[in-house]
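To start, the structure under review is shown below, and the notes come after it.
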Amino acid sequence: MYKIVKAEKLADLIYLMDVEAPRVARHCQPGQFVIVKIDEKGERIPLTICDYDREAGTVTIVLQTVGASTERMASLKEGDYFRDFVGPLGVASEFVHEDLEELKKKKILFVGGGVGAAPVYPQVKWLKEQGVDVDVDVIIGSKTKDMLILQDEMKAVAGNYYPCTDDGSYGHSGMVTTKIEALVNEGKKYDVCVAIGPMIMMKFVCLLTKKLEIPTIVSMNPIMVDGTGMCGACRLHVGDEVKFACVDGPEFDGHLVDFDESMQRQALYKTQEGRAMLKLKE
Ligand code: FES
């Protein structure tokens, strides 16, 4: 059993939890995820790790309620327990494996959309801990000011933090893509971009960064269902190769990902009929 030591509502439908899971906290790296189960019969929910405290033995997760299981999960309070908290799973973010001196020479742009700010945070924090922060720009977009999450945390670790809101209620008014264009037009140059958020956002960020010739990494966490390599929901094309987001990812070269196919799969997996149809095809 895994105790929830902190439970907090960050914004409408978005919740943060610190969970006592010392083994996961000891070994996890930015980019990895956990599978959470509320009880024996509960659905398996894959969630990207948002933060970890190796000394305290806690792991932070952020979830957005999208259905019955996540709503049940969001109703849990401090002192409640999860039945399972399995991880760390998936491949750690590319940065973790790179030569630190080479990494320090890079200008890095992070783009997070909505709840995608949560998996962006541990990567930016990790870079700061390694002494790579001056050239790390972070753009976080949301619909409104109230929906922007982890602002203080992000400001504390980013070289430059640029909030954006669709309705113009805070920061840059407009989509994250228009902010990327504005920064590049100001003369900013980036060696790599990491985009994490809704599929449609990642698709349009990739279309833009391809034009701007900025290599881009995306996280395909949104299409994961059971996170075990068995349900098939997260199958995607990356160039000519077929991959599974939960086993081979969740991070991939965004310029090679077939977003249209993945968005279609994601939509089908939302319904039982769609799931049955995909199973027949496989
Ligand atoms: Fe089910 Fe990857 S999430 S196979």
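The values are calculated or read from the model by the stated rules, or taken from the named source; none is laboratory data. Just so you know, these numbers come straight off a predicted model, no measurement behind them. A quick note on method: Cβ atoms are made from the backbone with ideal geometry, for glycine too, and the neighbour counts reach across all protein chains shown.
Against the test of being in contact with a helix residue (DSSP H, G or I) (Cβ under 7 Å, 6 or more places away or on another chain) and without any contact (Cβ under 8 Å) to a residue 40 or more places away in the chain, the options Val136, Val111 yield a single qualifying residue, Val136. Scan the stretch 133-156 and give yes if some residue there is in the same structural domain as Gly197 (by TED's automatic domain parsing), of a type outside the set (Val, Ile, Thr) and more than 20 Å from the chain's Cα centre (by Cα), otherwise no. There is at least one residue in the stretch 133-156 that is in the same structural domain as Gly197 (by TED's automatic domain parsing), of a type outside the set (Val, Ile, Thr) and more than 20 Å from the chain's Cα centre (by Cα). Considering only the stretch 16-34, I want to know if a residue exists there that is part of a strand (DSSP E or B) and among the basic types (Lys, Arg). No, every residue in the stretch 16-34 fails to be part of a strand (DSSP E or B) and among the basic types (Lys, Arg). Of the helices (runs of 4 or more DSSP H) contained entirely in the stretch 168-282, those carrying at least 3 residues that are at pLDDT 95 or above fall at 176-185, 199-211.
For Cys193, the conditions (1) within 21 Å of His237 (Cα to Cα); (2) surrounded by fewer than 21 Cβ atoms within 10 Å (Cβ to Cβ); (3) not polar (S, T, N, Q) are fulfilled apart from (2). Residues that are surrounded by fewer than 19 Cβ atoms within 10 Å (Cβ to Cβ) and closer than 23 Å to Cys234 by Cα within the stretch 39-69 comprise Lys41, Gly42, Glu43, Arg44, Gln64, Thr65, Val66, Gly67, Ala68, Ser69, listed in sequence order. Counting only residues that are under 12 Å from the mean Cα position of the chain (by Cα), touching a residue at least 60 places away in the same chain (Cβ under 8 Å) and within 16 Å of the ligand (Cβ to nearest atom), the stretch 191-246 holds 4 of them.
Figure legend. Inter-residue proximity from the stretch 91-104: first residues within 16 Å of Pro215 (Cα to Cα), second residues buried (at least 16 other Cβ atoms within 10 Å of the Cβ) and of a type in the set (Phe, Trp, Tyr), beta-carbon distance below 8 Å, spacing 6+ or different chains. Indicated pairs: Ser93/Trp126; Phe95/Trp126; Leu103/Phe95. Yes or no: Asp80 within 28 Å of Lys37 (Cα to Cα), surrounded by 14 or more Cβ atoms within 10 Å (Cβ to Cβ) and either of a type in the set (D, E, K, R) or in contact with a His (Cβ under 6 Å, 6 or more places away or on another chain) (or both)? So Asp80 passes the test.
For the stretch 126-142, the candidate set comprises residues that are touching a strand residue (DSSP E or B) at 6+ places or on another chain (Cβ under 7 Å) and surrounded by fewer than 24 Cβ atoms within 10 Å (Cβ to Cβ); within that set, the residue that is nearest to Asp166 (Cα to Cα) is Asp137. Among the residues of the stretch 152-161, at least one is within 20 Å of Tyr121 (Cβ to Cβ), surrounded by fewer than 16 Cβ atoms within 10 Å (Cβ to Cβ), polar (S, T, N, Q) and free of Cβ contacts under 8 Å to residues at least 60 places away in the same chain.
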